[in-house]
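A.B. asks: This structure is in structure tokens; I'll ask about it shortly.
Bear in mind these aren't lab numbers, they're just calculated from the coordinates by the rules spelled out. Remember, it's a predicted structure, so these values are computed and weren't measured experimentally. Here the Cβ is made from the backbone with ideal geometry for all residues, glycine too, and neighbour counts use every protein chain on show.
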Amino acid sequence: MFFPPCDWLPKAPLEHLHLDWLKTAGIEVAILRLDLIDPLISGNKWFKLIEHLKAADRCGAEGIISLGGAHSNHLHALAAAGKRFGFSTVGLLRGHPQETPTVKDLQAFGMRLHWLGYGGYRARHQAGFWEPWQAQYPGLFAVPEGGGGWQGAKGCMQLMTMVREQLNSLEWSDYDGWWLACGTGTTLAGLVLAEAGEHRVYGALAVPDDHGVAERVENIVEEAGVTAPDYQLFDASRGGFAKVDRLLLEFIEQTEQVTGVPLEPLYTAKALLALREQVEAGTFARGTRLVFIHTGGLQGRRGFCPQT
Ligand SMILES: *Cc1c(COP(=O)(O)O)cnc(C)c1O
């Protein structure tokens, strides 16, 4: 038994976000601080792991094997959870051995690492990929990259409840929609399922829009049997995943100064900047109330921002 739902139910604060460009447009935004659920197990990656961990637990597995890159927020959350709750973890990494702050943490958390190179990592979707790993680690349960798929989305459905329970403290009776960064679209799919058409979910794509996000969301939503998914995707990638430009870095600095909310450049800052673009373009009527999800990922910015 390693799934800890009884003793660990993290809750993220929901706070008003005060920014001039929102005020000017008459738009209200509340930010759900998934970056604050835990000092180590941060962000949406925990919620994407929950159902996978439950499934592993039901199978009597001793731990988890999964994949990611050298800055992976997913592997970081998984390794930290393994250390905290006492299950073993193995990480299959993209590329060749390198010492990023994330990799050092993974090792410190006790995750066993295997570097697959680039070609080896690309083979992860092929039939038979897991066989040798399952032979080497028969007691471990395999979780797909990023904790994705329907199981990952299911774990994110509870974010809706978490927000609805806190609306009173904002003095909001309701909200009009969600705004969040998308990589695979799994977190967005979870919200789309939870809302079942009640409120629209807006996704800011951190990857160029040819990465099949819409298709993945459709697949998850279909698997769950929801017929009228209400969501909309916007390009927020600024030319590519992990591409960072001057305007983005300035935006991070200004926003942090005004709000005190730390952002990282790959997801959360790009999502908020894309929101500003849409707000300034008049996409939302005055009086619109949005919930912005801070999906975490701050551990990963150590590799990108020199100041941290
Ligand atoms: C992984 C990640 C996302 C993207 O989540 P998906 O469910 O893959 O769309 C967004 N923000 C942060 C900080 C992440 O680490």
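A.B. asks: Cα axis of helix 213-223 to longest principal axis of the chain: angle in degrees, 0 to 90, nearest 10?
C.D. replies: On a 0 to 90 degree scale, this one is about 80.
A.B. asks: Tell me the trypsin sites (Lys or Arg not before Pro) within region 201-308 that lie in a loop according to DSSP and have at most 12 other beta-carbon atoms within 10 Å.
C.D. replies: R286
A.B. asks: Please report, to one decimal in angstroms, the Kirkwood hydrodynamic radius of region 43-115 built from all distinct Cα-Cα pairs.
C.D. replies: Evaluated over region 43-115, this radius sits at 12.2 Å.
A.B. asks: Most fluctuating residue of S173, S42, S72 in a GNM of the chain with Cα springs under 10 Å: which is it?
C.D. replies: In the Gaussian network model the winner is S173.
A.B. asks: So which residue, out of T288, T89, T102, gets the largest mean-square fluctuation from a GNM of the chain using Cα contacts under 10 Å as springs?
C.D. replies: T288
A.B. asks: While we're here: Hey, in the GNM for the chain with a 10 angstrom Cα cutoff, which one of Y267, Y202, Y175 fluctuates hardest?
C.D. replies: Residue with maximal mean-square fluctuation among Y267, Y202, Y175: Y175.
A.B. asks: Just to check I understand the Karplus step: with θ = phi - 60° and J = 6.51 cos²θ - 1.76 cosθ + 1.60, what whole-Hz values come out for region 77-86, glycine and proline as x?
C.D. replies: Along region 77-86, the couplings run 5, 5, 5, 5, 5, x, 5, 4, 9, x Hz.
A.B. asks: Which order do the peptides 91-98, 18-25 take when ranked by the mean count of other beta-carbon atoms within 10 Å per residue, highest first?
C.D. replies: 91-98, 18-25
A.B. asks: Let me ask something additional. Would you mind checking which residues have amide H under 5 Å from L67's amide H? H placed 1.01 Å from N; only 5 or more apart, or other chain.
C.D. replies: Residues meeting the amide H criterion: L92, E145, G146.
A.B. asks: Modelled label-to-label distance, W115 and E280, 7 Å Cα→beta-carbon offset: nm?
C.D. replies: Roughly 4.2 nm, to one decimal.
A.B. asks: Work through the residues other than H114 whose Cβ is under 14 Å from its Cβ and net out their charges, Lys, Arg +1 and Asp, Glu -1.
C.D. replies: +3
A.B. asks: For region 111-268, calculate the relative contact order in percent as a whole number, restricting contacts to Cα pairs under 8 Å that are 6 or more residues apart.
C.D. replies: 19 percent
A.B. asks: Can you give the helix-only mean residue ellipticity at 222 nm for the chain, where every DSSP H stretch with n ≥ 4 adds -39500 (n - 2.57) and the sum goes over all residues, rounded to the nearest 500 deg cm²/dmol?
C.D. replies: -11000 deg cm²/dmol
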